[in-house]
């Protein structure tokens with residue numbers, strides 16, 4: 001008996017392993033910045049204000065004590081019809097197609113973005129950050145403090161195609 005068969009046997013009434021029902025979230029805030037259109041890179045210096053719902057002001061106290069936060073947001077401006085399962089990506093010329101879930105592309109089946117950003121300051125329900133790769137008007141779904149002991153993975157490795165620089169050697173600057 002395969003592992004898949006065993007797992008299916010644990011589910012009542014033959015329910016699918018992965019639920020197909022939509023999941024919905026209410027945004028906790030919105031991004032305000034001067035970026036009107038998405039771009040593949042160049043977000044490092046972008047300053048953004050995350051304006052939280054006023055009823056959540058107490059929920060971020062004292063987030064300004066952290067140097068960085070994790071922002072979870074919705075790729076609201078990416079239409080369903082442009083989302084893909086495979087996209088050309090990598091440091092080869094030309095880059096071959098790879099599964100979108102193995103990339104940081106916005107063209108994902110579920111348009112959810114996650115970024116680690118620098119906290120500049122907080123004023124009431126507005127958090128100023130730098131480096132958020134989200135356009136003006138982007139709904140923010142969640143904020144979490146960045147905790148290096150949990151969030152950093154010093155031993156993480158990348159496939160050679162994901163390393164900036166020479167494709168043949170797999171070395172690069174970033």
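Nothing in this text is a laboratory measurement; each read-out follows from the coordinates by a stated rule. Treat the numbers as computed from the prediction; the structure is a model and nothing was measured. Don't worry about glycine lacking a Cβ; one is built from the backbone with ideal geometry, like all the others, and counts go over all protein chains shown.
Remarks
- Note on the chain: with a GNM built from Cα contacts shorter than 10 Å, the maximum mean-square fluctuation among 55, 142, 133 falls on 55.
- Fluctuation leader among 136, 125, 110 - the chain, Gaussian network, Cα springs under 10 angstrom: 110
- Fewest-first sequence of 78, 69 by Cβ atoms within 10 Å of each Cβ: 78, 69
- Residues 57, 157, 138, ranked from the fewest to the most other C-beta atoms within 10 Å, line up as 157, 57, 138.
- Packing-based exposure ordering (other Cβ within 10 Å, fewest first) of 161, 43: 161, 43
- When the Cα convex hull of the chain is projected onto planes of every orientation, the mean area is 14.5 nm².
- Most fluctuating residue given options 18, 140, 30, as computed from a GNM of the chain linking Cα atoms under 10 Å: 18
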